[in-house]
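Here it is, the structure in full.
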Amino acid sequence: MKFGYTIIYTENVTQSIEFFENAFGLKRRFIHESGYGELETGNTALAFASNELGKSNLPDGYIKANGDKPLGIEIALVTEDVEAAYTKALSAGAISIKEPLAKPWGQIVAYVRCPDGTLVEICSPVGS
């Protein structure tokens, strides 16, 4: 067993992928007209699916990411320059949840919320 990908259900797949391209510099793998798309993120892809596709996959429903509060799950993006990545994300339309802060174990961590509601941790590598 290995981790394949994370899928975020969203109102607009193209807009979510474009945001991640602009805010975090990730590259688009593809977008399909069925309401599904992926970004290149290394061995594991970050994917987006339309809420319509989500309804067909999960007929009993689910909690959408764009509610009043972030879901209790986050996407963590690792960078050597957390402050610059945080500033770039804000300029692309993210909302600040927590400014960059040094953790006791030496990692720098910041939190933003994307326009589609996704919670993103921007962090330095552990032990850096």
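Give me the tail of P(r) for the chain as a percent: Cα-Cα pairs with distance above 26 Å.
21
In square angstrom, what is the accessible area per residue of the range 1-52 with a 1.4 angstrom probe?
Accessible area per residue: 58 Å².
Can you give the angle from 0 to 90° between the axis of helix 82-91 and the longest principal axis of the chain, with both taken from C-alpha atoms, to the nearest 10?
The answer is roughly 50 degrees.
Here's another thing I want to ask about it. Leaving out ligands, DNA and RNA, what percent of the accessible area of the chain is carbon and sulfur, probe 1.4 Å?
54
Rolling a 1.4 Å sphere over the protein heavy atoms, what is the accessible area per residue of the range 62-101, to the nearest Å²?
70
A follow-up question, please. Sequence-distant or interchain residues sharing an amide H contact under 5 Å with residue 29, placed H: which?
38, 39, 40
Residue 14 versus residue 55, label points 7 Å from Cα toward the beta carbon: distance in nm?
2.0
Let me know the Kirkwood hydrodynamic radius for the range 24-89, please, with Cα pairs as the basis and the value in Å to one decimal.
14.2
Please give the calculated 222 nm ellipticity per residue for the chain, where each DSSP H segment of at least 4 residues contributes -39500 (n - 2.57) and the sum is spread over every residue; nearest 500 deg cm²/dmol?
Mean residue ellipticity at 222 nm (helix-derived): -6500 deg cm²/dmol.
What is the range 11-51 by shape, rounded, prolate or oblate, if you read a ≥ b ≥ c off the alpha carbon gyration tensor as root eigenvalues and call it rounded for a/c under 1.5, prolate for a/b larger than b/c, and oblate otherwise?
Here the range 11-51 falls in the oblate category.
Using only Cα atoms, find the angle between the long axis of helix 13-24 and the longest principal axis of the chain, and express it within 0 to 90 degrees, rounded to the nearest 10.
Compared with the principal axis, the helix lies near 10 degrees.
Measure up 27/69; 55/88; 2/64 against 30 Å on the Cα-Cα distance and list the ones that go over.
Table pairs above 30 Å Cα-Cα are 55/88.
Could I ask something else about it? Treat every Asp and Glu Cβ in the chain as -1 and every Lys and Arg Cβ as +1, leave all other atoms uncharged, and give the resulting dipole magnitude about the Cα centre to the nearest 20 debye.
Result for the chain is approximately 200 debye, rounded to the nearest 20.
I want to verify a result. In a Gaussian network model of the chain, Cα cutoff 10 Å, which of these has the top mean-square fluctuation: 17, 97, 73?
73
The values are calculated or read from the model by the stated rules, or taken from the named source; none is laboratory data. Model, not experiment: these values are computed from the prediction. Cβ: placed from backbone, ideal geometry, glycine included. Neighbour counts: every protein chain shown. Just so you know, the surface numbers come from the protein's heavy atoms only, side chains and all, with ligands and any DNA or RNA stripped out. Shrake-Rupley method; radii C 1.70, N 1.55, O 1.52, S 1.80 Å.
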